[in-house]
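A short write-up of the structure that comes next.
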Amino acid sequence: MLFLADKTLFAWMCDIRRALHRVPELAYKEKQTSALIARQLDTLGIPYQLGLAGGTGIRAEISGGNGRGATVALRAYMDGLPITEETGLPFSSTRSGIMHACGHDGHVAMLLGAAALLKDMDLPGTVVLLFQPAEESGNGAAAMIEDQVLTGVDMIFSGHIDTHYPVGEITVDEGLICSYTDPFTIAIHGSGGHAARPHEAVDSVVVACNLVMNMQTLISRQINPSHAAVVTVGRMEAGTVHNVIAEHAVLEGTIRSAHRETRERILQGLERVILGAADMCNAEIRLKFFDSLPAVINDMQATAIARAAAVAVVGDKRVVSQGQPSLGGEDFSFYQQRIPGCMVRFGGRREDGAVGPAHSARFDFDEELFRYGASWLAHVARHALKSLEEN
């Protein structure tokens, strides 16, 4: 077992995380976050490029190998979520309605911690540090790629905090680990009328409710039960007052699927459900998909490197599998469409159990995981450079 993050570095990462946690920012608005990262990179003496991916993304570079050798990228993300925090932490969010409810503040802290470790290492190549905006919405990875952050990069790695696992465990899996993600909006246009005379109107609320229920049959009756998939409607809006039949309704939701053929079947099925509802109810219904994500599929060689680095940091017995692919979405997949990559999970469960799940108002994690996460990021970069050089 090997530890690289000492007490001083650990405390520094905690300070960074807590400073970021107090001032969470939503997708593409991470200006204070970006400025804080830049100040820390200045302290470390690491050169960087600002203003990427709409203005807040950062690409830093630690050069080794005397300008020769491979180039490996490490990625973290910066954005928070539109959630009002209820953790009661002494460093809780100071911004109403916004919090770091997925650990991105911790991801930034760990990548900066890894940078502090890497800058003092004898590297056989170059390590690129990517601080990405808008993972939660807006596909920030795609925006970073458009700004050429992967130019010259041979392989990429990332990790995500996961409170389903105890501190000190790292999950490493080859192949598909995160699902295809297809957010959608359905706009329903009926015709309004008096609540007492429904026959004179087309009730968009009834249409919307029928749609929500019929969507569920796409999974229960049209998809192979052994293939993981879900259709969730997370938002519904309709009507203005109690005694008026609503003319318009909007549904917003997401489709998650762990197999390409399952995804296509659900997308086609949703279109059929909508056509049928429109015809049956005499309503106009429009379906729109946005910010879709491909699946995260870990490359075989990158996964072998990630596993070796994890074993070096936490020991063989604490390198585990996540099991079945998650139905969570991750825009790390965009990087993997360009170059080989691997994403792992860092165990961060608080043993007191007094926190909520990711994307909840009570989400938190055990900061002790920083020792392992920063060390793994540094190890995987150095190990990848050596492996790529040898091959």
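Throughout, read-outs are computed from the coordinates displayed, never taken from laboratory work. Note that the structure is a prediction, hence the values are computed from the model and not measured. For neighbour counting, all protein chains shown are included, and Cβ atoms are generated from backbone atoms with ideal geometry for every residue, glycine included.
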Backbone N within segment 16-45 under 20 Å of label point (7 Å from SER92 Cα along the Cβ vector): 17-26
Can you bin segment 97-169 into rounded, prolate or oblate? Criterion: square roots of the alpha carbon gyration tensor eigenvalues sorted a ≥ b ≥ c, rounded for a/c under 1.5, prolate for a/b above b/c, oblate for the rest. oblate
Would you kindly state how much longer the chain becomes between ASN391 and ASN210 on full extension, computed as 0.36 nm times their sequence separation minus their alpha carbon distance, in nm to one decimal? 59.4 nm
For the chain, what is the calculated [θ] at 222 nm in deg cm²/dmol (nearest 500), taking -39500 (n - 2.57) for each run of four or more DSSP H residues and dividing by its residue count? -11500 deg cm²/dmol
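Ignoring chymotrypsin sites (Phe, Trp or Tyr not before Pro) that are buried or in helix or strand per DSSP, and keeping those with at most 12 other beta carbon atoms within 10 Å, what is the longest stretch of the chain between them? Numbers along the way, then the final one.
Values: sites that count: PHE3, PHE290.
Answer - 4-289.
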For segment 287-374, state which GluC sites (Glu not before Pro) are in a DSSP loop and have at most 11 other beta carbons lying within 10 Å of their beta carbon. GLU351
Mind checking which aspartates and glutamates have their C-alpha under 20 Å from LYS29, skipping anything on the same chain fewer than 8 residues away? ASP79, GLU85, ASP105, GLU135, GLU136, GLU146, ASP147, ASP291, GLU330, ASP331
Using unit Cβ charges (K, R positive; D, E negative) and no other charged atoms, how large, in debye to the nearest 20, is the dipole of the chain about its Cα centre? 240
Tell me the relative contact order for the chain as a rounded percent, counting alpha carbon contacts under 8 Å between residues six or more apart. 25
Could you list the residues of segment 123-146 with an amide nitrogen less than 19 Å from a label point located 7 Å from the Cα of HIS359 in the Cα-to-C-beta direction? 133-142
Using DSSP, restrict attention to beta bridges with both residues in the chain and report what percent are antiparallel, rounded to the nearest 5. 65
With +1 on the Cβ of every Lys and Arg and -1 on the Cβ of every Asp and Glu, the dipole magnitude of segment 180-289 about its Cα centre, in debye rounded to the nearest 20, is 380
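Please identify the trypsin sites (Lys or Arg not before Pro) of segment 26-122 that satisfy two criteria: DSSP loop assignment and at most 10 other Cβ atoms within 10 Å. Which are they? Numbers along the way, then the final one.
Values: sites: LYS29, LYS31, ARG39, ARG59, ARG68, ARG75, ARG95, LYS119; in loops: LYS29, ARG68, ARG95, LYS119.
Sites meeting the loop and neighbour criteria: ARG68.
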For SER63 and LEU287 in one chain, what is 0.36 nm times their gap in residues minus the Cα-Cα distance, to one decimal in nm? 75.9 nm
Extension gain from HIS242 to SER226, taking 0.36 nm per residue of separation minus the Cα-Cα distance: 1.4 nm
Cut-off 14 Å, label 7 Å out along Cα→Cβ of ARG22, residues of segment 86-125 by amide N: 89-95
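Rounded, prolate or oblate: pick one for segment 180-289, where a ≥ b ≥ c are the square roots of the eigenvalues of its C-alpha gyration tensor, a/c under 1.5 means rounded, and failing that, prolate if a/b is larger than b/c, else oblate. Can you show the working numbers first?
On the way: a/c = 2.76, a/b = 2.32, b/c = 1.19.
Judged from the Cα gyration tensor, segment 180-289 comes out prolate (a/c at least 1.5, a/b above b/c).
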Using Cα pairs closer than 8 Å and at least 6 residues apart in sequence, work out the relative contact order for segment 180-289, in percent. 42
For segment 1-80 and segment 309-360, what is the centre-to-centre distance using only Cα atoms, to the nearest Å? 19
Residues with amide H under 5 Å of LEU26's amide H, sequence separation 5 or more or different chain, H placed in the peptide plane at 1.01 Å from N; which? GLY80
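Divide the volume of the convex hull of the Cα atoms of the chain by its number of residues and quote the answer in cubic angstrom per residue. Please report the intermediate quantities before stating the final value.
Working: hull volume 58.3 nm³, N = 391.
For the chain, the hull spanned by Cα atoms encloses 149 Å³ per residue.
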Please state the shape class of segment 1-96: rounded when a/c is under 1.5, otherwise prolate if a/b exceeds b/c and oblate if not, all from the C-alpha gyration tensor. oblate
Which Cα, out of ILE177, ALA114, ALA143, lies furthest along the positive dipole direction of segment 83-216 (beta carbon charges, K/R +1, D/E -1)? ALA143
Under a plain spin-label model, where a point goes 7 Å from the Cα along Cα-to-Cβ, how far apart in nm are ASP279 and GLU264? 2.4
